[in-house]
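Notes follow once the structure below has been shown.
The values are calculated or read from the model by the stated rules, or taken from the named source; none is laboratory data. Small disclaimer: the values here were computed from a predicted structure and weren't measured. Using ideal geometry, Cβ is built from the backbone for each residue, glycine included, and neighbour counts are taken over all protein chains shown. These accessible areas exclude ligands, DNA and RNA; they are computed on the full protein's heavy atoms, side chains included. Shrake-Rupley method; radii C 1.70, N 1.55, O 1.52, S 1.80 Å.
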Amino acid sequence: MARIYKSNNPNRGRCRLARAGESACVLGALAVVVCAVVYQREYFLMLCLFCAAVFGVWRFQKRAAILQSGLAGEKAATKALARLPHEYTVVCNVFLAKGERRAEVDAMVVGPSGIFAVEVKNHAGSIVGDTEQKNWNQTRAVRGGAPIHKKMKNPVLQNRRQTDLMRDMLRARGCGCPVIGCVYFANPHARVHVNGPGVFTDADTLCRSIRKMPVKLSRQEMAQALSILTGGRIEDAF
């Protein structure tokens with residue numbers, strides 16, 4: 001079993017704030033109704049305030065659902081990557097910085113077969129695209145209604161920016177370890193049809209692909225890369 005290091009995920013705090021905003025808007029809507037009943041005037045103003053509060057509930061609820069979905073996906077990915085052998089180290093929510101460049105990697109894997117940046121998605125439905133396209137097409141079924149068709153940003157391109165930054169950070173410190181990008185769809189209801197490598201929907205396939213990369217890093221190389229990419233927070237894994 002791989003070693004797992006979890007950093008604080010800011011989306012947890014954002015999700016709590018969204019839930020708090022949703023509750024505040026619900027209370028606001030109830031307060032408007034009470035005021036309308038008690039004072040029995042300014043009905044148009046009360047109606048406007050009530051509609052604003054209901055809209056706030058919808059927006060905060062939608063935001064919280066998106067954040068919660070992302071957190072669930074990252075939890076599933078961590079569980080999947082934990083299947084790797086004990087020689088591997090998995091660090092969740094890695095924040096990278098070099099100059100003005102910033103990036104956040106959902107899961108970084110460091111092991112004898114290389115360094116991997118794993119971008120995690122928890123989308124459901126049918127997802128169709130190409131690794132070189134800017135956007136992919138997502139179709140999601142809705143119970144009792146017509147399917148929803150929408151565009152989603154190509155996570156492979158996002159993942160490439162992360163791996164480029166990781167390579168630059170390593171090279172700047174004299175470390176030439178290879179960095180490989182992966183996109184993992186953790187939702188079991190996702191049906192992904194993407195042309196190009198590096199996209200996975202199955203935990204076993206993802207872990208097998210990581211283990212079988214034709215790279216052999218020494219313990220010293222792994223420790224150095226891990227220290228550089230985590231800012232020295234993790235140095236004793238190897």
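By the scheme Lys and Arg +1, Asp and Glu -1, what is the net charge of all other residues having a beta-carbon under 15 Å from that of Met213?
That sum, taken over residues with Cβ under 15 Å, equals +2.
Using DSSP, restrict attention to beta bridges with both residues in the chain and report what percent are antiparallel, rounded to the nearest 5.
Approximately 55 percent, going by the DSSP bridge assignments.
Using the Karplus curve 6.51 cos²θ - 1.76 cosθ + 1.60 with θ = phi - 60°, what ³J(HN,Hα) values do you get for each residue of the stretch 127-137, in whole Hz, with x for Gly and Pro?
10, 10, x, 9, 5, 9, 7, 6, 10, 10, 9
Could you look at the stretch 10-68 and say what percent of its accessible area is carbon and sulfur, using a 1.4 Å probe and all protein chains? Write out the running numbers ahead of the final one.
On the way: 2980 of 4330 Å².
Whole-percent figure for carbon plus sulfur exposure: 69.
Please go through the residue pairs Lys79/Lys134; Lys121/Lys150; Lys75/Lys98 and name each one whose alpha carbons sit more than 21 Å apart in this structure.
Over 21 Å Cα-Cα: Lys79/Lys134; Lys75/Lys98.
Taking the simple approach of a point 7 Å from Cα along Cα-to-Cβ for both Phe55 and Thr139, what is their distance in nm?
About 3.3 nm separates the two model spin labels.
Please determine, in degrees from 0 to 90 and to the nearest 10, the orientation of helix 155-172 with respect to the longest principal axis defined by the Cα atoms of the chain, where the helix direction is its Cα long axis.
Computed tilt is about 50 degrees.
How do 91-100, 69-78, 104-113 rank on mean C-beta neighbours within 10 Å, highest first?
Values: 91-100: 15.1, 69-78: 18.9, 104-113: 22.3.
Peptide ranking by packing, descending: 104-113, 69-78, 91-100.
Provide the FRET efficiency to the nearest 0.05 for the Lys216-Arg101 pair, computing r from the beta carbons and using R0 = 25 Å.
Details: r = 29 Å, r/R0 = 1.18.
The value I calculate is 0.25.
Taking the Cβ of Ile180 as the center, what net charge do the other residues with Cβ under 13 Å away carry, scoring Lys and Arg +1 and Asp and Glu -1?
After counting each charged neighbour, the total is +2.
With a probe of 1.4 Å, find how much accessible area the stretch 88-238 has per residue, and write the answer as a whole number in Å².
On a per-residue basis, 51 Å².
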